[in-house]
Amino acid sequence: MATMLSERLEGATSPAERIRATMIATRISFVWLGTRKALTAEQRSQAAESFDAAGDFLSAGKKLLDTRCPAFKAVSAVRNNARGYWRA
């Protein structure tokens, strides 16, 4: 592997050719879970009735995942470590 790289570098005369010989274009992406969701209009109006408020003026959401859970934190740490390694 090292000999192949040194052979490719010997033929590279310009900086652009050296970059082409030693680098590769890549991309890393994550599709991540949402942890919260907004309530529907019906759910919002039902919650507003409990507080004797107008549903249009109430903001509410529901938590889908417990972000304090050790398992969620562990998975998030793996994602963050991979992203940090890739950027470094």
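The values are calculated or read from the model by the stated rules, or taken from the named source; none is laboratory data. These numbers come from a predicted model, not from an experiment. Every residue, glycine among them, receives a Cβ derived from its backbone with ideal geometry; neighbour counts consider all protein chains shown. For the accessible areas, the whole protein counts, side chains as well, though only heavy atoms, and no ligand, DNA or RNA atoms are used. Shrake-Rupley method; radii C 1.70, N 1.55, O 1.52, S 1.80 Å.
For the reader, a short list of remarks on this structure follows.
- Solvent-accessible area per residue in the chain equals 89 Å², computed with a 1.4 angstrom probe and all protein chains kept.
- Å³ per residue enclosed by the Cα convex hull of the chain: 167
- Each Cα pair of region 37-82 feeds into the Kirkwood radius, which the Stokes-Einstein equation turns, at 20 °C and 1.002 mPa s, into a diffusion coefficient of 168 µm²/s.
- Accessible-area composition of the chain, carbon plus sulfur, in percent [1.4 Å probe]: 57
- Estimated FRET transfer efficiency (LEU64, TRP86; beta-carbon r; R0 30 Å; 0.05): 0.65
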